[in-house]
Amino acid sequence: MSSGELLLSRIPSNEEFTQVKAFFELTEENMTFCGWVTKTKRKKKSVDHRLLTIGQYRVATWKESKLGSALKLAREGHLLDLASLDYVEAAEHASVNLKFREFEFPFVETLSRGRHIVSLIKNFYVLMSCNVPQETFFGLYVNAAPDAPEDLSRFPPLPKGIPFSGFVEAYEAHCVRAGLQLANVVVYRELLDYIVQHAGDRSIALVPSLLNSFEFLDAKARPLFLLEPFVNALKYNAYFESVTVSSVTRLDIFDVLSHAFTANSTITRLDLSELSANSGFGVFGRALRDNPVCALTAIDLSFNAIKDKGIAALAPGLATLQLRELNLAYCQFGAKGMSALGKALAAAPHVATSLAQLDLSGNKLGSSGTSALANWLVDAPITTLASLNVAETALKVKKFSPILSPEATPGLVKLNLSNNTFVDRDVVHLSNALMSSAVVELDLSAAKVSIESLAGIVGCLVTDRTRTRLVLDLSSIPLKPAGAIRLASSISVGLNLRSLCLDDAQLGSEGTIAVLEALIQSPMIEALSLSRNVRAKDKALPDVVNALVRLVSLPNSPLVSLEILGNSKYAFGSSLVEFFDALASNAALKELNVEGNGFRDEGAEALGAALASNASLETIFIDNNAMSLAGLDAFANGVASNSSIINLPIPDAEFKRIVLDNAGDTEAFEKM
């Protein structure tokens, strides 16, 4: 049927209706509309008569056979073959064009005459293809001409509900077309429930929890019941902006997912992390490259075995995107992959003004890979790059340092260099580069670096007046007391240190006290973490607690977050009672984490009493502290009297242990 005005002419005869109904019943579909229409060909000024039928998953037109009353199928299109749906509504006319792979269904009608068949087609097919913004069609229904037969006077309005029900309809349609039993309905309903729960953020996820319903199936067959329909339904979906397909074991998942991204124009965030995939990266890269309307700005491909060849195959597709965030952490590539990625992105001018976050951690770049990264960022500077993660990449500091120049990365404020080795003779290059950079958040955790080199880096940063809010993570570096004392001397003259993490740094009581004294002397710290540094049997524990008390008792203390977690070896125990008592009058601290310190009921009672007076704490973590039901009750009474706490994670370990200790005690359970 060519483009022209579409009018409802008559209802089908019983014989015609029976024949068409049989066609839809063969495909296990319900027919939703059946009526004869006339279409005037504008150029030839002739009239075509067609019986228009619409089912759940297909649209078809029929013409009268010259051999008798039997109908002949003229055209038929299924949802799986629908490429796009274009709808235009003007003052007097409306048109809809269903584009299938091999032909089109164009319809035009005058809005002031006859039944709104264009709206009817649009409504039902948008519900399945989701190719038109949902707000444009909800609440519409078919109007009839004043002289229309009674049984065609009104078509029931579309049911109102979740605005992305089209995705669910499309998912169901693909399952039916593929012969899947929806399982079968359980999975369908579980997916629907998940979508409803995440309606507000326009995100959808296919995660292992959604696959729980397949446990009774063979592991090899399991993905077939969900993944292909899920991906096919996403292809033209216009509601969801964020998609997560994470931690799903499917080796060919990139081949399958590429289908959705050959045409989707609305998804901006894509999480494909931890998929155990090892192939299909070229197909996926070509899908991104060949889709002119791809809207992806953030993509997470971390923890996939992409390797050098995969990166080289993906890179051209990634280069076509207006990426703001790219996560390639632990993708098992090295220097060759880094070179291919750098060359592809350097050749894309828009990357220089769009990429803001780049994560390359866990890939063994080595000397050659570091050079390839530097060549990219120095030769094609990225003015928007704010965060760079090169943790555990075996980078070479001397070759990396030029990346930090203001000419290469003028906006870089967050840098992760953790789990790398720093040779003393090269650290001077890093220190100089850091001083010329804009970096204010530096992660050196678990780095292999000498104490003198580390003190030199910290010393130059904390005394730089141009950095107003410095954040340092030095956790898991074995500083020991001597290193802590050396570091404390740098901190004590600092001007800008706002956050410091020294977890698992083997400080001991002497080193911990030295750091605390430095922070008391130069009170600027807002967030401090000193977890697991003092052994439970250390005789100087009370001295450490005393230093903590003096820190939180400073007039106008800036400290708002404190973490002093413990475990079986490193714990403060009941020594924290003095610290808890001091919290009663503290007016600054907002977050406190004291998990794993084993302070028992004595500490719980002291903390509860402090909370009854404290008016600043908003978040507190207390799990794994060997409390009994009585201690937990005392803590709860303090919380009940507190007006500031808004976040109190349930101490699961405490509850589990108390349940075991009070098995069979009904009164104890009710109290808990």
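The values are calculated or read from the model by the stated rules, or taken from the named source; none is laboratory data. Bear in mind that the values here come from a model prediction, so they are computed numbers and not experimental data. Cβ sites come from the backbone with ideal geometry, for glycine too, and all protein chains shown count toward neighbours. Heads up: the accessible areas ignore ligands, DNA and RNA and are worked out on the full protein's heavy atoms, side chains in. Shrake-Rupley method; radii C 1.70, N 1.55, O 1.52, S 1.80 Å.
Which one of these is of a type in the set (A, V, I, L, M) and either out of contact with any helix residue (DSSP H, G or I) (no Cβ under 9 Å at 6 or more places or on another chain) or under 25 Å from residue 532 (Cβ atoms) (or both): 640, 615, 636, 609?
Working: 640 fails: either out of contact with any helix residue (DSSP H, G or I) (no Cβ under 9 Å at 6 or more places or on another chain) or under 25 Å from residue 532 (Cβ atoms) (or both); 636 fails: either out of contact with any helix residue (DSSP H, G or I) (no Cβ under 9 Å at 6 or more places or on another chain) or under 25 Å from residue 532 (Cβ atoms) (or both); 609 fails: either out of contact with any helix residue (DSSP H, G or I) (no Cβ under 9 Å at 6 or more places or on another chain) or under 25 Å from residue 532 (Cβ atoms) (or both).
Result: 615 is the single residue among 640, 615, 636, 609 that is of a type in the set (A, V, I, L, M) and either out of contact with any helix residue (DSSP H, G or I) (no Cβ under 9 Å at 6 or more places or on another chain) or under 25 Å from residue 532 (Cβ atoms) (or both).
When both residues are 6+ apart or on different chains and their Cβ atoms are under 8 Å apart, which pairs have a first residue that lies in region 410-425 and is under 25 Å from residue 383 (Cβ atoms), and a second that is open to solvent by 60 Å² or more (accessible area, probe 1.4 Å) and of a type outside the set (Val, Ile, Thr)? Once the first residue is under 25 Å from residue 383 (Cβ atoms) and sits in region 410-425, its partners that are open to solvent by 60 Å² or more (accessible area, probe 1.4 Å) and of a type outside the set (Val, Ile, Thr) give 413/441; 414/441; 415/441.
Checking the structure you have, find out if any residue of region 439-446 is out of contact with any Cys (no Cβ under 9 Å at 6 or more places or on another chain), outside any loop (DSSP other than H, G, I, E, B) and at pLDDT 95 or above. Spell out how you get there, then give the answer.
Filtering region 439-446 for residues out of contact with any Cys (no Cβ under 9 Å at 6 or more places or on another chain) gives 439-442, 444, 446.
Next, from what is left, pick out any that are outside any loop (DSSP other than H, G, I, E, B): 441-442.
Checking which are at pLDDT 95 or above leaves us with 441-442.
Within region 439-446, one or more residues are out of contact with any Cys (no Cβ under 9 Å at 6 or more places or on another chain), outside any loop (DSSP other than H, G, I, E, B) and at pLDDT 95 or above.
Could you list, in sequence order, the residues of region 273-301 that are farther than 13 Å from residue 255 by Cβ and in a loop (DSSP other than H, G, I, E, B)?
Taking region 273-301 first, the residues farther than 13 Å from residue 255 by Cβ are 273-274, 276, 288-301.
Matches in region 273-301: 273, 274, 276, 291, 292, 293, 294, 295, 296, 297, 301.
Kindly evaluate residue 606 against the criterion of being within 20 Å of residue 640 (Cα to Cα) and buried (at least 16 other Cβ atoms within 10 Å of the Cβ). In short, yes. In region 470-495, the residues that are among the hydroxyl-bearing types (Ser, Thr, Tyr) form Cβ pairs under 7 Å with partners that are surrounded by fewer than 16 Cβ atoms within 10 Å (Cβ to Cβ) and not in a loop (DSSP other than H, G, I, E, B), at six or more places apart or across chains, as follows: 492/521.
State all residues of region 387-422 that are basic (Lys, Arg) and more than 26 Å from the chain's Cα centre (by Cα); if no residue qualifies, say none. Even if it seems obvious, please write down each step before you answer.
Taking region 387-422 as the starting set, the residues that turn out to be basic (Lys, Arg) are 396, 398-399, 414.
Within region 387-422, 396, 398, 399 qualify.
Table: residues versus (1) open to solvent by 40 Å² or more (accessible area, probe 1.4 Å); (2) over 27 Å from residue 525 (Cα atoms); (3) not in a loop (DSSP other than H, G, I, E, B); (4) not acidic (Asp, Glu).
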position: 597; (1), (2), (3), (4): no, no, no, yes
position: 638; (1), (2), (3), (4): no, yes, yes, yes
position: 644; (1), (2), (3), (4): no, no, no, yes
position: 654; (1), (2), (3), (4): no, yes, yes, no
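Only a single criterion out of (1) at pLDDT 90 or above; (2) among the small types (Gly, Ala, Ser); (3) out of contact with any Phe, Trp or Tyr (no Cβ under 8 Å at 6 or more places or on another chain) is not satisfied by residue 494, namely (1).
For region 307-319, the criterion of being open to solvent by less than 60 Å² (accessible area, probe 1.4 Å), of a type outside the set (A, V, I, L, M, F, W, C) and out of contact with any helix residue (DSSP H, G or I) (no Cβ under 6 Å at 6 or more places or on another chain) is met by no residue. Screening 567, 556 for residues that are open to solvent by 40 Å² or more (accessible area, probe 1.4 Å), part of a loop (DSSP other than H, G, I, E, B) and either under 25 Å from residue 629 (Cβ atoms) or in contact with a helix residue (DSSP H, G or I) (Cβ under 6 Å, 6 or more places away or on another chain) (or both) leaves exactly one candidate, 567.
Select from region 488-514 the residues that are out of contact with any helix residue (DSSP H, G or I) (no Cβ under 6 Å at 6 or more places or on another chain) and under 26 Å from residue 536 (Cα atoms) and write down the one among them that is most open to solvent (accessible area, probe 1.4 Å). This residue is 504. Scanning region 420-475 for residues that are more than 23 Å from residue 360 (Cα to Cα), β-branched (Val, Ile, Thr) and surrounded by fewer than 18 Cβ atoms within 10 Å (Cβ to Cβ) returns 428, 451, 463, 466, 468. Of all residues in region 570-590, exactly one satisfies the criterion of being under 36 Å from the mean Cα position of the chain (by Cα) and within 15 Å of residue 627 (Cα to Cα), namely 571.
Within this structure, residue 589 fails the test of being outside any loop (DSSP other than H, G, I, E, B) and open to solvent by less than 10 Å² (accessible area, probe 1.4 Å). For the structure I just gave you, tell me whether residue 511 is at pLDDT below 95 and within 21 Å of residue 552 (Cβ to Cβ). No: the conditions fail for residue 511.
Only one entry of 348, 374, 329 meets the criterion of being in contact with a strand residue (DSSP E or B) (Cβ under 9 Å, 6 or more places away or on another chain) and either touching a residue at least 24 places away in the same chain (Cβ under 8 Å) or open to solvent by 10 Å² or more (accessible area, probe 1.4 Å) (or both), and that entry is 329. Taking (1) closer than 25 Å to residue 339 by Cβ; (2) surrounded by fewer than 21 Cβ atoms within 10 Å (Cβ to Cβ); (3) free of Cβ contacts under 8 Å to residues at least 40 places away in the same chain in turn, residue 292 satisfies each apart from (1).
With respect to residue 486, determine if the residue is over 25 Å from residue 451 (Cα atoms) and not in a loop (DSSP other than H, G, I, E, B). Can you show your working first?
Numbers: over 25 Å from residue 451 (Cα atoms): no; not in a loop (DSSP other than H, G, I, E, B): yes.
For residue 486, the condition - over 25 Å from residue 451 (Cα atoms) and not in a loop (DSSP other than H, G, I, E, B) - is not met.
Return yes or no: is residue 360 under 19 Å from residue 414 (Cβ atoms), crowded, with 22+ Cβ neighbours inside 10 Å, at pLDDT 95 or above and not hydroxyl-bearing (Ser, Thr, Tyr)? Reasoning before the result, please.
Numbers: under 19 Å from residue 414 (Cβ atoms): yes; crowded, with 22+ Cβ neighbours inside 10 Å: yes; at pLDDT 95 or above: yes; not hydroxyl-bearing (Ser, Thr, Tyr): yes.
Against the criterion (under 19 Å from residue 414 (Cβ atoms), crowded, with 22+ Cβ neighbours inside 10 Å, at pLDDT 95 or above and not hydroxyl-bearing (Ser, Thr, Tyr)), residue 360 qualifies.
Scanning region 409-430 for residues that are assigned to a loop (DSSP other than H, G, I, E, B), among the hydrophobic types (A, V, I, L, M, F, W, C) and closer than 21 Å to residue 327 by Cβ turns up 412, 413, 417. When residue 283 is tested against the conditions (1) among the aliphatic types (A, V, I, L, M); (2) at pLDDT 90 or above; (3) open to solvent by less than 30 Å² (accessible area, probe 1.4 Å), the lone failure is (3).
Keeping to region 353-371, report how many residues are in contact with a strand residue (DSSP E or B) (Cβ under 6 Å, 6 or more places away or on another chain) and aliphatic (A, V, I, L, M).
Filtering region 353-371 for residues in contact with a strand residue (DSSP E or B) (Cβ under 6 Å, 6 or more places away or on another chain) gives 357-359, 361.
Within this subset, residues satisfying the condition of being aliphatic (A, V, I, L, M) are 358.
Residues in region 353-371 being in contact with a strand residue (DSSP E or B) (Cβ under 6 Å, 6 or more places away or on another chain) and aliphatic (A, V, I, L, M): 1 in total.
Residues 343, 399: which one is out of contact with any Ser or Thr (no Cβ under 9 Å at 6 or more places or on another chain), more than 23 Å from residue 501 (Cα to Cα), open to solvent by 10 Å² or more (accessible area, probe 1.4 Å) and not β-branched (Val, Ile, Thr)?
Working: 399 fails: out of contact with any Ser or Thr (no Cβ under 9 Å at 6 or more places or on another chain).
Of the residues listed, the single one that is out of contact with any Ser or Thr (no Cβ under 9 Å at 6 or more places or on another chain), more than 23 Å from residue 501 (Cα to Cα), open to solvent by 10 Å² or more (accessible area, probe 1.4 Å) and not β-branched (Val, Ile, Thr) is 343.
Evaluated against (1) under 26 Å from residue 476 (Cβ atoms); (2) surrounded by fewer than 21 Cβ atoms within 10 Å (Cβ to Cβ); (3) not β-branched (Val, Ile, Thr), residue 601 falls short on exactly one condition, (1).
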